[in-house]
Amino acid sequence: MTVVDEVRDAVCSIPAGAVASYGDVGQRVGVGARQVGRAMSLLDEDVPWWRVVYADGTPPSCHGGRAPALLRDEGTPMRGARVDMTRARHHWTP
């Protein structure tokens, strides 16, 4: 399985209303946050890319800046323009 496949699987397992940071995904698959970003750029549009945010809760600005609206539509807890990471962070089970 490639890193891109592992990142895809991790991102697809984040439920609606929850998020993970690039670093969280990286920790899950054993790579750095920047490698996760690179892998994410290679994924298809059907992967819920908006559920991966920066460590401070800032949504990604790619895809025409649609992430904040998609996150709100899913009921993701927000604090202003950022995701409330304390309430919304997804924790994978080992």
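The values are calculated or read from the model by the stated rules, or taken from the named source; none is laboratory data. Keep in mind that this is a model prediction, so the values were computed, not measured. Here Cβ is always computed from backbone atoms with ideal geometry, including for glycine, and neighbour counts include all displayed protein chains. Only protein heavy atoms, including side chains, enter the accessible area calculation; ligands, DNA and RNA are left aside. Shrake-Rupley method; radii C 1.70, N 1.55, O 1.52, S 1.80 Å.
Close amide H partners of Val53, meaning residues 5 or more places away or on another chain with modelled amide H under 5 Å apart, are Ala20, Ser21, Tyr22.
For Arg82, what charge total do you get from the other residues with a beta carbon under 13 Å from its beta carbon, if Lys and Arg give +1 and Asp and Glu give -1? Result for the local shell: +2. For Cα extents along the principal axes in Å, the choices are (1) 49, 20, 19; (2) 53, 23, 22; (3) 37, 30, 19; which was calculated from the structure? For Cα extents along the principal axes in Å, the calculated option is (3).
A helix-only calculation puts the chain at -10500 deg cm²/dmol for mean residue ellipticity at 222 nm, using -39500 (n - 2.57) for each DSSP H run of at least four residues, averaged over all residues.
The distance from the alpha carbon centre of region 50-94 to that of region 1-29 is 13 Å, rounded to a whole number.
Rolling a 1.4 Å probe over the heavy atoms of the protein chains gives region 34-86 an accessible area of 59 Å² per residue.
Other residues lying with their Cβ under 13 Å from the Cβ of Val4 contribute a combined charge of -2, Lys and Arg counting +1, Asp and Glu -1. Expressed as a whole percent, the accessible area of region 23-93 that falls on carbon and sulfur atoms is 47 (1.4 Å probe). Electrostatic tally near Gly26: other residues with Cβ closer than 15 Å to its Cβ, Lys and Arg +1, Asp and Glu -1, net +2.
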